[in-house]
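Some notes on the structure that comes next.
The values are calculated or read from the model by the stated rules, or taken from the named source; none is laboratory data. The shown structure was predicted, so the numbers you read here are calculated from the model rather than taken from an experiment. Methodologically, a virtual Cβ is constructed for each residue, glycine included, from the backbone with ideal geometry; neighbour enumeration extends over all protein chains shown. Please note that ligands, DNA and RNA were not included when accessible areas were found on the heavy atoms of the full protein model with its side chains. Shrake-Rupley method; radii C 1.70, N 1.55, O 1.52, S 1.80 Å.
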Amino acid sequence: MPSNTRDQFNAPIEPSEYDEGSVLAGGLTNPAGRRDAPATLADPPGSLNKNRAFNFLWAGETASQFGFQVAGLATSTTAIVVLHATEGQVGILNGLQTLAFLLIGLPAGAWVDRWRKRRTMIVADLARMLALASIPVAWACDALTIYHMMIVVTIFGFGTVFFDVAYQSLVPSIVRNSQIGQANGRLEASFQVARVGGPGLAGWLIGVFSAPVTFGLTVGTLGFSAAAIASIPGKEEKPDPPKDTVLWHQVRDGISYVKNEPLLGPLFVCIAFNALFGQGVFTLLPVLALREMGLDAQTLGTLLSFGAVGGLIGAGINRGVVARLGDGHTIAAFSITASLINFGLPFAALAGANGWIVLVSVGFFQSLFQTVYNIVQLSLRQRICPRYLLGRLNATFRFAVWGVMPIGSVTAGFLASVIGVVPAMFVFLAGALCASIALAFTPVAKRNRID
């Protein structure tokens, strides 16, 4: 590994080489294998619109996120309403969705660095499709159980590990370095569109049909995602094998880079704790809405959709915010603000008939600030990391974020069964706020760079 110096890791990465119909620089090549001249940073920002490889990736990721959002509400609703799961079982079910990140999150990065990214994403989509398709089949046969659901969401989680690590590692290879922030902004905007449309559509489908049948839509969106990823132009070359073929050594390289990089090490710790407590809040939200507030799934989906509109605005303004504040200041300030806004959630259960207004307001503003934070910190990581380590870097951070989520989910379910949903939510909200405040004292918060 190169020496861990601030100047080296903060230097701009060599721009990826891209030509219409081909992607280069260790990513995709045209059929003839020709390597064109590298792109320059002087290219007009609008040229990303003509990047066919990115546009297909964008379409595939959008479909994947849309299906994920629909499945998320359908999973919780099926468990709570159809299978009458307890708070503890709901916590375990949510935890199993992200267990794979804890079990294989770190080696997945080393594997993805060895594999073709496009093929990895397609296989992940197909595996998730088959798993989810079993839910409506089992329900139709009157054989659906909470344990079946747990097995399915576990398989779904394993597929998501590889899909997410692969797509994040592919982005810097198919867009120029100067366009990474813009590309991530579009991908995050798609995530917010999915958050807007997914829960609302899921709630409507659950109301018209049933929660298990709603999984059929997710199967369709994942099929579209696989087709879009397969349509990315050019032939993807298999990455060169690592000099050290021992898997643990490769995983260790990724961990060592994150640990020793002055910016990323402290950021990693803060993100991990924020995710741990944030997942507790996320796990308790459907229980709060469906049981404490007495909402139905259709109403909850609609309210979540309205709230997520803020994320669309955040995806549109992130570049302007960074231009004014710098990336480090933006990351710290927007993380703290998003955590503070979330404190309004438990008050929704105490607001009586006006509780829905609280849910929408909190969802709107929290989504806006969280989206800007997500885009800026992801773009920072992708810019300063050497290309050959991207898979392991993304896997290490995915491990920090998603790997701790099962702990947060299970703990939240257990705590809610002991002290109640609202008090438990306050505990997890306080933990998430402390993690965000700690971020303000890291080297990242002192950075005021505009890329």
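Observations on the structure shown:
- A full extension of the chain between A143 and Y388 corresponds to an added length of 83.5 nm, given 0.36 nm per residue minus the alpha carbon distance.
- In terms of the mean number of neighbouring beta-carbon atoms within 10 Å, the peptides 80-89, 215-224 order highest first as 215-224, 80-89.
- Here the relative contact order of region 71-221, from alpha carbon pairs under 8 Å that lie six or more residues apart, stands at 39 percent.
- Region 90-157: C-alpha gyration tensor shape, a/c 1.5 cut-off, then a/b vs b/c: oblate
- Taking a straight line from the alpha carbon of K259, these lysines sit under 30 Å away, with near neighbours fewer than eight places off in the same chain left out: K117, K238, K243, K446.
- Per-residue packing, averaged as other Cβ atoms within 10 Å, sorts the ranges 119-126, 257-264 into the order 119-126, 257-264, beginning with the highest.
- Each Lys and Arg contributes +1 and each Asp and Glu -1, all at the Cβ; summed about the Cα centre of region 299-414, the dipole is approximately 480 debye.
- Here the accessible area is traced with a 1.4 Å probe on the protein chains. For region 243-368, carbon and sulfur cover 67 percent of it.
- Gain in span if fully extended, K50 to D240, counting 0.36 nm per residue against the direct Cα distance: 65.5 nm
- Cβ-based charge dipole, region 69-193, positive-most Cα from W111, G159, L144: W111
- Between A230 and I419, residue separation times 0.36 nm minus the direct Cα-Cα distance comes to 63.1 nm.
- Centroid-to-centroid separation of region 159-190 and region 288-361 [C-alpha atoms, Å]: 24
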